[in-house]
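Data first, discussion second: the structure below is written as structure tokens.
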Amino acid sequence: MLNESNHQEKKEDFSNELNISPDLTELLLQRGIATFEDAKTFFRPSLNHLHDPFLMKNMDIAVNRLCDAIFSQEKILIYGDYDVDGTTSVSLVHGFLNKFSDQLTYYIPDRYTEGYGISSQGIEHAREEGIKLIISLDCGIRAVDKAALAKSYDIDLIICDHHLPGDSLPDALAILDPKQADDEYPYKELSGCGVGFKLLQGFCMQNSIDLEELFQFLDLVAVSIASDIVPITGENRALAFYGLKKLNHSPCPGLKALIEVSGLKGELDISSIVFYIGPRINATGRLTHAHDSVRLLTAKDDSETEVFAEVLNVRNRERKEFDKSITEEALEMVAASEQLKAARSTVLFKNDWHKGVIGIVASRCIEKYYRPTIILTESAQKATGSARSIEGFDIHAAITECSDLLEQFGGHTHAAGLTLSIDNVPAFQQKFEEVVASRIASDILTPKIDVDLEVDLNFINYKNYSILKQMSPFGPHNQKPVFVTRGVKLKYPPKVVKDEHLKLSLYQDGEEFVYDAIGFGLAERADMISNQSFDIAYQIEENEFRGNKSLQLNIKDVKIA
């Protein structure tokens, strides 16, 4: 009781200090914002809050080598992964350094012939081109043998990565990765593009270059932060905040063309990147080659950007067709088997599924059957797959228990990749199911909605909404708040829209005001809530219709009171 009493007292004092409601204060406290200074930093992100890049281990070595290479007119290869983080990283570093050197080139590995990370082909290409310095972005922290190969060719390697290091580090000239065990850099959650940005920040500081020149590339950094699902806290929050400003007011020509071809209107946020911009940049690496994305993001001419943006748009349409057809096949396979329907996991294999979309298909399957899922296809006479997990289950640990059947695997708690002999697929399916069934708790097989706060409907007004908006950008570790209100009633009968969505008019006893609400995909709940009070979980958003703006509830779930 004492702790609860202390919390309430602290909340009231903090609420008065900030001049906001206690409910909003509770949201801040949940996010670790407990002082006026914390709140000021949170609500008013500033690029002055960025950390000194030279606090990162090896930054001085990396910047000095980069300066030497540029001033000596050495050939420099910018090497990046084929996903959004990798391609934005390459576009950022190449685009910025292009002002200071005409000896730059870039390299993106082929997903199918080279695979993830620094490849032997990439190192051989550098040797053939007379490259003396490689800067790798969003990859390289585990490339021990590739770093040794580069060193044998007298090529210096600067690794800019944000993934966890392995047991041994590559023998590179400099490794920039805040997740190194002995790195005292204050913020550990940068994207790969963010680490590249810190290298350029250090380059600017060492050469007295106005940082405003570098800040012109923050739209690319924001795209990487959103697409790579890194926490939007601390330094990432400031980078994303100003990157979104740039994206909304003066995006680089490539992103501007991509926004137009995506049909996006109004103010873009993190979700706009995740659902519209990121997938288009990713689509080339999934289906053809990611250098098409870099060409777009580094292009200056409008006629060029229009052509490249349309290429990405077409690839994304193709990706969606593959995604849809393979997902349908996968779900049919489960539905046709009582054994698969009753299982605690989903492991499916078909030799002609497109390797570039199986990770997406795994996620789609989880939307229908909420359980750890692995989708496998054939590539280079092997079964190769992508694994996706559910909240609370470590899929990498489960795969590790089946490692005797695998040739290669890697990843983390929520996602992984694996390769095995096609002959071993049935045995792997059986063993993985046994491992999952023995490890997984029944209660986590039901998806849950994380709720931030219980409020009455009268909490919903423009004063509170304006403060909620200032809590953006929303994303990992700073999600858009979800509220619960209990005992709401229908003012009018529910309307079903397009056979799947639910439009509602809601009120609470004792309140005259009626609140508009939309429940996407909740049409089947219409009869359940028609003649009784119920509880709702929802987010608050602004709806614009024919020029009129109003607040509405975006309902995530309903439950009988």
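Here are the numbers for this structure:
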read-out: Contour excess over end-to-end distance, with Cα ends at His501 and Gln30 and 0.36 nm allotted per residue; value: 166.4 nm
read-out: 30 Å Cα-Cα reach of Lys40 towards lysines, excluding residues that sit fewer than 8 places from it in its own chain; value: Lys10, Lys11, Lys57, Lys179, Lys188, Lys198, Lys245, Lys246, Lys463, Lys469, Lys480, Lys549
read-out: Two-site FRET efficiency, Ser120 against Glu332, from Cβ-Cβ distance with R₀ of 45 Å, rounded to 0.05; value: 0.65
read-out: Lys, Arg +1 and Asp, Glu -1 on Cβ, resulting dipole of the stretch 1-63 about Cα centre, debye, nearest 20; value: 280 debye
read-out: Normalised per residue, the volume of the convex hull around the Cα set of the stretch 168-275 (Å³); value: 130 Å³
read-out: Mean Cβ neighbour count within 10 Å, used as a protection proxy, ranking 388-398, 17-27, 43-53 highest first; value: 388-398, 17-27, 43-53
read-out: The stretch 246-305: C-alpha gyration tensor shape, a/c 1.5 cut-off, then a/b vs b/c; value: oblate
read-out: The chain - mean residue ellipticity at 222 nm from DSSP helices (-39,500 (n - 2.57) per run, n ≥ 4, rounded to 500); value: -13000 deg cm²/dmol
read-out: The stretch 181-243 pair-distance distribution - Cα-Cα, 10 Å bins, rounded %; value: 22, 52, 24, 1
read-out: Å² per residue, accessible surface of the chain at 1.4 Å; value: 46 Å²
read-out: For the chain, share of DSSP beta bridges that run antiparallel, in % to the nearest 5; value: 65 percent
read-out: Per residue convex hull volume, Cα atoms of the stretch 3-111, in Å³; value: 181 Å³
read-out: Coarse-grained scattering of the stretch 353-439 at q = 0.17 Å⁻¹, given as base-10 log I(q)/I(0) from a Debye sum over alpha-carbon atoms; value: -0.62
read-out: Qualifying lysines (Cα of each under 20 Å from Cα of Lys146; at least 8 residues distant if same chain); value: Lys75, Lys132
read-out: The stretch 46-173: translational diffusion in µm²/s, Stokes-Einstein, Kirkwood Rh over Cα pairs, 4 °C, 1.567 mPa s; value: 87 µm²/s
read-out: Estimated Rh, the stretch 477-542: Kirkwood, alpha-carbon pairs, angstrom; value: 12.6 Å
read-out: Order by protection proxy (mean Cβ within 10 Å, highest first), peptides 403-410, 519-526, 156-163; value: 156-163, 519-526, 403-410
read-out: Stokes-Einstein diffusion coefficient of the stretch 293-383, Kirkwood radius over Cα pairs, 37 °C, 0.692 mPa s, in µm²/s; value: 219 µm²/s
read-out: Zero-based 10 Å bins, Cα pair distances in the stretch 404-561, whole percents; value: 9, 29, 24, 16, 14, 8, 1
read-out: Base-10 log of normalised Debye intensity for the stretch 413-483 (one unit scatterer per alpha-carbon) at q = 0.15, 0.22 Å⁻¹; value: -0.75, -1.09
read-out: Apportionment of accessible area to carbon and sulfur, the stretch 102-207, percent (1.4 Å); value: 47 percent
read-out: Accessible-area composition of the stretch 272-402, carbon plus sulfur, in percent [1.4 Å probe]; value: 48 percent
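The values are calculated or read from the model by the stated rules, or taken from the named source; none is laboratory data. All figures in this text were calculated on a predicted structure; none of them were measured in a lab. Neighbour counts run over all protein chains shown; Cβ positions are idealised from the backbone, glycine included. What goes into the accessible areas is simple: the full protein's heavy atoms, side chains included, and nothing from ligands, DNA or RNA. Shrake-Rupley method; radii C 1.70, N 1.55, O 1.52, S 1.80 Å.
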